[in-house]
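Student: The structure's right below; bear with me while I get my questions together.
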Amino acid sequence: MTPESSIFVAGHRGLVGSAITRHLRSKGFQNLILRERRELDLRQQGAVNEFFSSVRPQYVFLAAAKVGGILANVSCPALFLYDNLAIQTNVIDAAFRSGCSKLLFLGSSCIYPKHAPQPIEEDSLLTGPLEPTNEWYAVAKIAGLKMAQAYRRQYGFNAISVMPTNLYGPGDNFSLTSSHVLPALLRKFHEAKLHGVGAVEIWGTGRPRREFLHVDDLADACLYLMLRYNDERALNVGWGVDLSIRELAEKMGRIVGFTGRLRFDSSKPDGTPRKLLDTTRLTALGWAPKFDLETGIRSTYDWFRENQ
Ligand SMILES: NC(=O)c1ccc[n+]([C@@H]2O[C@H](COP(=O)([O-])OP(=O)(O)OC[C@H]3O[C@@H](n4cnc5c(N)ncnc54)[C@H](OP(=O)(O)O)[C@@H]3O)[C@@H](O)[C@H]2O)c1
């Protein structure tokens, strides 16, 4: 990949796609091909084929997907399954057929089995039952990963996959109904502080443990791997340390300046008890994250206040 290469970032307005776009620009890659969903709905096979056969991008970062937290997954199983299957099937196939040199597919740590041994190794995939609250999304994403592998095996198409842990950062979705835990908590604390509310309610027991990676670190890892990794095995991309949701909430409350109480609603689902990725293989390739959690959350909070 050279600074002149044509690079399609699918989903460039999302959390991951916007970070990849920023990162590519900052590294001198200027020939970026970007399409909003209203210009190119990636679920539409005919439109996707037409786009690839006329534009012929040389490299593709596939960061377009239907993404959301537990509530969104539980309420819209059909959308999570259909949209993700359609987007990834259309894009991977059209990229291969139009002669694309390489494609990077975004998987997710949510697609590992619910009770995978921790930290989760890449080989845990498909070794046990999925977390029921996001199985629709997980089934679709596993199919995407397998599709990338199958196109490499059958056609020699250079498709690679990464498995990021939970992400956060500028450009995140801060909606209270469809966001992930970290942005949802940031917004709840911010609003509680503004309105002088004495307690913030948090879904679940606060005991599940999670790992969080700044999205700019993920973007850096994606470019790193696009430039030097060519293997069918998906690679975990994580931060290396996890903490409980209670610890996260306490840290975020301090950062936001919320001084009230935390109220855990244990009638709501906890999701997977623990989720920490084993990043031995990525580390061995020479990549490591740069953001510490405190700095990352502070900069995300600054972004939220400027852009909410
Ligand atoms: N966020 C995380 O914590 C996390 C963790 C692990 C893995 N990942 C993976 O990273 C990838 C990107 O996630 P994200 O968090 O960046 O999601 P996001 O912020 O919701 O962004 C998704 C992007 O996909 C676009 N998109 C959705 N449906 C589309 C369609 N039919 N046609 C064209 N574009 C479409 C969206 O466009 P609009 O803006 O127009 O809706 C948006 O730009 C996903 O594959 C996800 O599995 C994310």
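Student: Only sites in a loop by DSSP and with at most 16 other Cβ atoms within 10 Å count here; which trypsin sites (Lys or Arg not before Pro) in segment 1-49 make the cut? If you can, show how the numbers build up before the last one.
Tutor: Values: sites: 13, 22, 25, 27, 35, 37, 38, 43; in loops: 13, 27, 35, 37, 38, 43.
Those that pass, being in a loop and sparsely packed, are 13, 27, 37, 38.
Student: Below 13 angstrom from the Cβ of residue 96, what's the summed charge of the other residues (Lys, Arg +1; Asp, Glu -1)?
Tutor: Surrounding charge for residue 96 is +4.
Student: Among all stretches of the chain without exposed GluC sites (Glu not before Pro) (DSSP loop, at most 13 other Cβ atoms within 10 Å), which one is longest?
Tutor: Working: sites that count: 4, 36, 39.
It works out to 40-308.
Student: While we're on this one: Net charge near residue 32, counting Lys/Arg +1 and Asp/Glu -1 over other residues with Cβ under 11 Å of its Cβ?
Tutor: Details: positive: 22, 25, 35; negative: none.
In short, +3.
Student: Suppose every Lys and Arg Cβ carries +1 and every Asp and Glu Cβ carries -1, with no other charges. What dipole size does segment 247-308 come out with about its Cα centre, to the nearest 20 debye?
Tutor: For segment 247-308, the charge dipole is close to 100 debye.
Student: Place +1 on the Cβ of every Lys and Arg and -1 on the Cβ of every Asp and Glu in the chain, take the dipole about the Cα centre, and give the residue among 197, 285, 137 whose Cα lies farthest towards its positive end.
Tutor: Farthest towards the positive end: 197.
Student: By how many degrees, 0 to 90 and rounded to 10, does the Cα axis of helix 77-97 deviate from the longest principal axis of the chain?
Tutor: 30
Student: May I pose another question? Out of the trypsin sites (Lys or Arg not before Pro) in segment 238-308, which ones are loop residues according to DSSP with at most 12 other C-beta atoms within 10 Å? Could the numbers behind the result be given before it?
Tutor: Values: sites: 246, 251, 254, 261, 263, 274, 275, 281, 290, 298, 305; in loops: 290.
Answer by residue number: 290.
Student: Rounded to the nearest 500 deg cm²/dmol, what is the calculated helix-only ellipticity per residue at 222 nm for the chain, with -39500 (n - 2.57) per DSSP H run of length n ≥ 4?
Tutor: Result for the chain: -13500 deg cm²/dmol, rounded to the nearest 500.
No value in this document is a laboratory result; all are computed from the given coordinates. Because the structure is predicted, anything quoted here is derived from the model rather than measured. Glycine also receives a Cβ, built like all others from the backbone with ideal geometry; neighbour counts cover every protein chain displayed.
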